[in-house]
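The values are calculated or read from the model by the stated rules, or taken from the named source; none is laboratory data. Just so it is clear, the structure is predicted and the values come from calculations on it, not from any experiment. Note that each Cβ is placed from the backbone with ideal geometry, even for glycine, and that neighbours are counted across all protein chains shown.
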Amino acid sequence: MKFISWNIDSINAALTGTSVRAGETREVLKKIAAMKPDVIAIQETKLSKNGPTKKHLTVLQELFPNYEVAWRSSIEPARKGYAGTMYLYLDQYEPKVTYPKINAPEPMDDEGRIITLEFPDFYVTEVYTPNSGNGLKRLDERQIWDDCYRDYLHGLDQQKPVIASGDFNVAHEEIDLAHPATNHHSAGFTDEERTHFSKLLATGFTDSFRHLHPDEKDVYSWWAQRVITSKQNNSGWRIDYWLVSDRLADKITEAGMIDSGERRDHTPIILELDL
């Protein structure tokens, strides 16, 4: 099976926008569609609480015929049009879709950050992990989130194998970002966030990319959108992951990044499993 995950940074802009960036995003969506993945996980949809509009669904159907859509948006008291997640999956599948709350600090559970698909023999779940924010103002809440999410994922893993993706908003090791020395106290590379990610892996999960490419450098999934030269100079971070239960690790046949051209911000990530 083939899985793709992507923080798209506004699906409305991607599907209906007229800017150069919107055009770049649509080209990446077309590239994903041509790869015919079984499941596509999308983060940071930024949709209203009512979800995709008829126009959004029409464009999605044109781009991804034969796919079903599941979505989750931010709802009050959380900010409107914030965060949000979505799945596209081939209509030959009939997974049970759930929208879990993990007892995270308010209002994180209402920000539409997790969707889980239950298949007969495994779970597929995605997450858009809260950013610790400027000045690390949300770091304390983020650490509680990490604890709650780890407990949730471990609970799934006790029932059947788990395939988990998303924007985890952390570069795990120094090899996972271009400039570790100058970002030691930046959101996404604090000791606290990295330690929590290590704890998550230690509960029984494998970082699929590092499993296949343990020492590969200069491979990232995010480049600062506001820094024009970030991608030209490959000054990036690897903060998007496909994790699998350890007992699926030997079934990983591909794990890597999908080239998104000149478009800065996140790039899609791919996982192939011989299930």
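Here are the numbers:
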read-out	value
Unmet requirement for GLU62, which otherwise passes all of (1) part of a helix (DSSP H, G or I); (2) acidic (Asp, Glu); (3) touching a residue at least 60 places away in the same chain (Cβ under 8 Å)	(3)
Among residues of segment 140-180, those that are surrounded by fewer than 24 Cβ atoms within 10 Å (Cβ to Cβ), of a type in the set (Gly, Ala, Ser) and assigned to a loop (DSSP other than H, G, I, E, B), counted	1
Selection count where residues are in a loop (DSSP other than H, G, I, E, B) and either of a type in the set (S, T, N, Q) or within 16 Å of the chain's Cα centre (by Cα) (or both), scope segment 230-258	8
LYS46 vs. criteria assigned to a loop (DSSP other than H, G, I, E, B), over 16 Å from the mean Cα position of the chain (by Cα), more than 18 Å from ILE258 (Cβ to Cβ) and among the basic types (Lys, Arg)	no
Output for segment 190-217, where each listed residue is touching a residue at least 40 places away in the same chain (Cβ under 8 Å), within 12 Å of PHE168 (Cα to Cα) and out of contact with any helix residue (DSSP H, G or I) (no Cβ under 6 Å at 6 or more places or on another chain)	GLU193, PHE197
Neighbours by Cβ (under 8 Å, 6+ apart or cross-chain): first from segment 83-106, under 25 Å from ALA14 (Cβ atoms); second of a type outside the set (A, V, I, L, M, F, W, C) and at pLDDT below 95	none
Leading residue by the ranking (farthest from GLU44 (Cα to Cα)) among those in segment 119-137 that are touching a helix residue (DSSP H, G or I) at 6+ places or on another chain (Cβ under 9 Å) and of a type outside the set (A, V, I, L, M, F, W, C)	TYR123
Residue within segment 65-72 that is under 24 Å from TRP222 (Cβ atoms) and touching a residue at least 24 places away in the same chain (Cβ under 8 Å) present	yes
Among (1) touching a helix residue (DSSP H, G or I) at 6+ places or on another chain (Cβ under 9 Å); (2) surrounded by fewer than 19 Cβ atoms within 10 Å (Cβ to Cβ); (3) of a type in the set (D, E, K, R); (4) part of a loop (DSSP other than H, G, I, E, B), the one test that ARG263 misses	(2)
Residues being closer than 23 Å to ASP274 by Cα and either touching a Ser or Thr at 6+ places or on another chain (Cβ under 9 Å) or surrounded by 16 or more Cβ atoms within 10 Å (Cβ to Cβ) (or both) - total across segment 212-246	8
Condition broken by VAL227, with the remaining ones in (1) of a type in the set (A, V, I, L, M); (2) within 17 Å of the chain's Cα centre (by Cα); (3) in a loop (DSSP other than H, G, I, E, B) satisfied	(2)
Some residue of segment 181-204 being part of a loop (DSSP other than H, G, I, E, B) and of a type in the set (Lys, Arg)	no
Flag for ASP109 being surrounded by fewer than 23 Cβ atoms within 10 Å (Cβ to Cβ) and touching a Lys or Arg at 6+ places or on another chain (Cβ under 8 Å)	yes
